[in-house]
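Inspection log for the structure reproduced underneath, given as structure tokens.
The values are calculated or read from the model by the stated rules, or taken from the named source; none is laboratory data. As the structure is a prediction and not an experimental result, all values here were calculated from the model. Methodologically, a virtual Cβ is constructed for each residue, glycine included, from the backbone with ideal geometry; neighbour enumeration extends over all protein chains shown.
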Amino acid sequence: MRKISDVINDIVISQPFLEEALHHGYLNLTGFSEYIRPQVEKEAQKEVSIHAIKMALSRMNHPETLSPYDIHYSHGQINTMSGLNLMSILKSPNTQEIICKLHSLRWKELNSYMAITEGSREIDIFYDQSFSSVIEELVPMNLRILTLEKLSLCSLQLRDEEIYQKWLFYSVTKKLAFHDINIIQVISTYHELGVIVRDEYLKKAVNILLN
């Protein structure tokens, strides 16, 4: 059996917005205790009273201060681009030549968007639809994992003082997740944080980040 306090601590830590809500006093402790009671009893392997859960919540140690991460972006900080595709391909010796050709193509067509992100096993290619026929020809079917169409980029131009804030990614992803917007991919550079969403969610994503 586990201690009630340890179980509750794990529940809160695994969902950062709960720690935020507890810190600022947003939660009704009695109501929240009733909500998590089944999970606490399952993990603790015994019956637990609402009072015991409420007391454990009130005794939890919380940071004395939380960073003010809920910032608002201006129109000048947000760039958007629609009509993008994603092709995810297997990483192998055969892909090296393909990537070299794509880099060469990208530098010849600076007015069209292309971003290439490389992982340990896969490579994702985000590209303007104008590149579709070329990429379809370059990448053989046996290397393709998936292709997605009708995607959009919402790109945030970051201020110097924002870059090293530990809450930066959480601030953006929390806002979009709470409004049921799925992030397909995150693409970032030093002064830019871009999220890829489906075309139909772009306007909603921009409005959320502005407000």
So, Leu158, is that one farther than 20 Å from Arg198 by Cβ and touching a His at 6+ places or on another chain (Cβ under 6 Å) or not?
yes
Residue that is assigned by TED's automatic domain parsing to the domain that holds Val186, surrounded by 15 or more Cβ atoms within 10 Å (Cβ to Cβ) and under 25 Å from the mean Cα position of the chain (by Cα), where the choices are Ile123, Ile99:
Ile123
Wholly within the stretch 1-49, which helices (runs of 4 or more DSSP H) include no fewer than the required count, namely at least 2 residues that are among the small types (Gly, Ala, Ser)?
29-44
With respect to the numbered conditions (1) surrounded by 15 or more Cβ atoms within 10 Å (Cβ to Cβ); (2) more than 11 Å from the chain's Cα centre (by Cα); (3) part of a helix (DSSP H, G or I), which one is the sole condition not fulfilled by Glu161?
(1)
Lone qualifier among Ile187, Ile163, Ile181, Ile196 - being in contact with a Gly (Cβ under 8 Å, 6 or more places away or on another chain) and over 17 Å from Thr95 (Cα atoms):
Ile187
Take the residues in the stretch 182-211 that are under 10 Å from the mean Cα position of the chain (by Cα) and part of a loop (DSSP other than H, G, I, E, B), then tell me which one is farthest from Leu153 (Cα to Cα).
Asn182
Leading residue by the ranking (farthest from Gly119 (Cα to Cα)) among those in the stretch 164-207 that are among the aliphatic types (A, V, I, L, M), without any contact (Cβ under 8 Å) to a residue 60 or more places away in the chain and surrounded by 15 or more Cβ atoms within 10 Å (Cβ to Cβ)
Ala205
